[in-house]
Amino acid sequence: MRILIKNGTVINANGRQQADVLIDGDKIVALVARPGDDAGVSDKAGAALLALGADEVIDATGKWVIPGGIDEHTHMELPFGGTFAKDTFETGSRAAAFGGTTTIIDFAVQSKGKSLQEGLDTWMAKAEGHAVIDYAFHMIMSDVTDETLPEMDRIVDQGVSSFKLFTAYPGVFLSDDAAIFRAMQRSEKNGGLILMHAENGIAIDVVVAQNFAAGNTDPYYHGVSRYPVFEGEATNRVIRLAEAAGAPVFFVHMSAKDAVDVLMAARDRGTKAFAETCPQYLFLDLADLGNGFEGSKFVCSPPLRPASGGHQQALWTALIKGDLYGIGTDHCPFDFEGQKELGRGDFRKIPNGLPGVEERVDLMHDGGVVAGRITPARWVELISANPARMFGLYPRKGVVAAGADADVVVYDPNRKHVLSAKTHHMDVDYSCYEGREVQGGSDVVISRGRIIVKDGEFFGKAGDGEFLKRETAHWVRKN
Ligand code: URP
Ligand code: ZN
Ligand code: ZN
């Protein structure tokens, strides 16, 4: 199948170009600059290919042609707090596709006492034959032991080249400093990358217990118990450990100014510290956790931060300056009814996580590009190119270029629509952004050369998504 996308403006992380894009099979085979575009290099071979014609021609006049979004942080079917994140690999990846995302990097979980391989095999089985778009995995390590440390090398060899550790969730996922340091040292040898959930979970649990004992049982107290400084402290400690190990480190779901400040200071002194943030920390705040038990819809960790305190401004500044590297969603949806409700009367029992995989690309376009904070190229860098670079998928993914996978989105930067649980495709009974109007939407979504979404209709198929074997984290190393 040959698809020609005509008359659009191609936007990559390195700029824009008036060019037609030819797809043949599952690859982009040519980008042919249109006359009058000085950014484009005239491509005779490409023009000859174009002359052969296409089975399907998409007119992208007035539209942007961008690389498919890469959500570097999702949790389909994650077990949490006695239940499971509601989206399966099928429903979640389908929703991602509607939102312009053509690759997800999910987290396989090693259970305490079990091998990493068992965890990876379990998550492979959840995804294989079900995902509608391509997928890859990070590996959550629940314990770092003499057995799991050497196993990390074999996991990297299988294309899972990043490992998430936690300074939060004592008794479940928390790793102590020795464990984190040892894993970092090992990653330096095997080319893996350590990802950190940095919040001081031990201190948090003290405040959680104090609030609960004082009768503060509402979801709001999930938010107020997890002080921003607890994220700042853990981030600083982990950065120092990474410096001692001589290893790069990547912080997931950064939310607090306290953490951004230490990240920027570390980067200023040359430390290879990187981080993502998520739309919820840019567009929502602690007040959303109020309103009685309705606030449970917004319970996630780290929590939404107070509107005062400069947290959102710090995140935007870091995004604009380049200190924040990418945007993941931490998509981890639980229905309000029957799942979030497990914590009615006890905020400690509310499953942690929010839906968002479908809304990321449009929220970042609306709140970033339309609001004048970032350029279209920087938007593409944050939602696609940088996740591909950081996580060993570039240039197969993350760029509209000859030779890359044909994961392409025809994006309408002017179309306005309203985010709502009534219309979204995520399998969850609420939206964190209910009623919010955003500008920008994905008209056509192409996954490895197959049109899977067109004008709001789905044409994909469960099982068409492939496992992506990722390269090591050479992007953040000298060799
Ligand atoms: O609340 C969250 N973030 N749930 C998902 C698990 C995690 O820590 O990323
Ligand atoms: Zn986390
Ligand atoms: Zn997460």
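Can you list residue pairs whose Cβ atoms sit under 7 Å apart, with the first residue in the stretch 184-208 being acidic (Asp, Glu) and the second being more than 16 Å from ligand 1 (Cβ to nearest atom) and not in a loop (DSSP other than H, G, I, E, B)? Count only pairs 6 or more apart in sequence or on different chains.
GLU188/ALA245
Wholly within the stretch 388-467, which strands (runs of 3 or more DSSP E) include no fewer than the required count, namely at least 2 residues that are among the small types (Gly, Ala, Ser), modelled with pLDDT of 95 or more and buried (at least 18 other Cβ atoms within 10 Å of the Cβ)?
Strands (runs of 3 or more DSSP E) meeting the threshold: 437-447.
Pick out the one residue from VAL361, VAL299, VAL370 that is in contact (Cβ under 8 Å) with a residue 24 or more places away in the chain, aliphatic (A, V, I, L, M) and within 21 Å of THR102 (Cβ to Cβ).
On the way: VAL299 fails: within 21 Å of THR102 (Cβ to Cβ); VAL370 fails: within 21 Å of THR102 (Cβ to Cβ).
From the options VAL361, VAL299, VAL370, the qualifying one is VAL361.
Tell me, which residue of the stretch 323-341 that is charged (D, E, K, R) and part of a loop (DSSP other than H, G, I, E, B) is nearest to ALA265 (Cα to Cα)? Talk me through it step by step, then tell me what you get.
First pass over the stretch 323-341, keeping only residues charged (D, E, K, R): 323, 330, 335, 337, 340-341.
Those left that are additionally part of a loop (DSSP other than H, G, I, E, B): 323, 330, 335, 337.
Values: ASP323: 10, ASP330: 25, ASP335: 39, GLU337: 43 Å.
It comes out as ASP323.
Looking at (1) aromatic (Phe, Trp, Tyr); (2) under 18 Å from ILE374 (Cβ atoms); (3) touching a Phe, Trp or Tyr at 6+ places or on another chain (Cβ under 8 Å); (4) within 16 Å of ligand 3 (Cβ to nearest atom), which is the one condition that is false for PHE250?
(2)
I need the full set of residues from the stretch 230-259 which are within 16 Å of ligand 2 (Cβ to nearest atom) and part of a loop (DSSP other than H, G, I, E, B), in order please.
Once the filter is applied, which keeps residues that are within 16 Å of ligand 2 (Cβ to nearest atom) and part of a loop (DSSP other than H, G, I, E, B), the stretch 230-259 yields VAL252, HIS253, MET254, SER255, ALA256.
Does the stretch 75-96 contain any residue that is assigned to a strand (DSSP E or B), touching a residue at least 24 places away in the same chain (Cβ under 8 Å) and either within 16 Å of ligand 2 (Cβ to nearest atom) or closer than 29 Å to ARG415 by Cα (or both)?
Residues of the stretch 75-96 assigned to a strand (DSSP E or B): 79-80, 83-84.
Keeping just the survivors that are touching a residue at least 24 places away in the same chain (Cβ under 8 Å) gives 79-80, 83.
Now narrow it down to the ones that are either within 16 Å of ligand 2 (Cβ to nearest atom) or closer than 29 Å to ARG415 by Cα (or both): 79-80.
Checked the stretch 75-96: at least one residue is assigned to a strand (DSSP E or B), touching a residue at least 24 places away in the same chain (Cβ under 8 Å) and either within 16 Å of ligand 2 (Cβ to nearest atom) or closer than 29 Å to ARG415 by Cα (or both).
Of these, VAL418, VAL357, VAL444, which one is closer than 19 Å to LYS63 by Cα and touching a strand residue (DSSP E or B) at 6+ places or on another chain (Cβ under 9 Å)?
Working: VAL418 fails: closer than 19 Å to LYS63 by Cα; VAL357 fails: closer than 19 Å to LYS63 by Cα.
Only one candidate passes the filter, namely VAL444.
Does the stretch 293-315 hold any residues that are surrounded by fewer than 23 Cβ atoms within 10 Å (Cβ to Cβ) and part of a loop (DSSP other than H, G, I, E, B), and which are they?
Of everything in the stretch 293-315, those that are surrounded by fewer than 23 Cβ atoms within 10 Å (Cβ to Cβ) and part of a loop (DSSP other than H, G, I, E, B) turn out to be SER301, PRO306, ALA307, SER308, GLY309, GLY310.
Return the residues of the stretch 215-229 that are outside any helix (DSSP H, G or I) and either out of contact with any Phe, Trp or Tyr (no Cβ under 9 Å at 6 or more places or on another chain) or surrounded by fewer than 21 Cβ atoms within 10 Å (Cβ to Cβ) (or both); say none if nothing qualifies.
Matches in the stretch 215-229: GLY215, ASN216, THR217, ARG226, TYR227.
The values are calculated or read from the model by the stated rules, or taken from the named source; none is laboratory data. None of the values given here were measured: they were computed from a predicted structure. We place every Cβ from the backbone using ideal geometry, glycine too, and count neighbours over all the protein chains shown.
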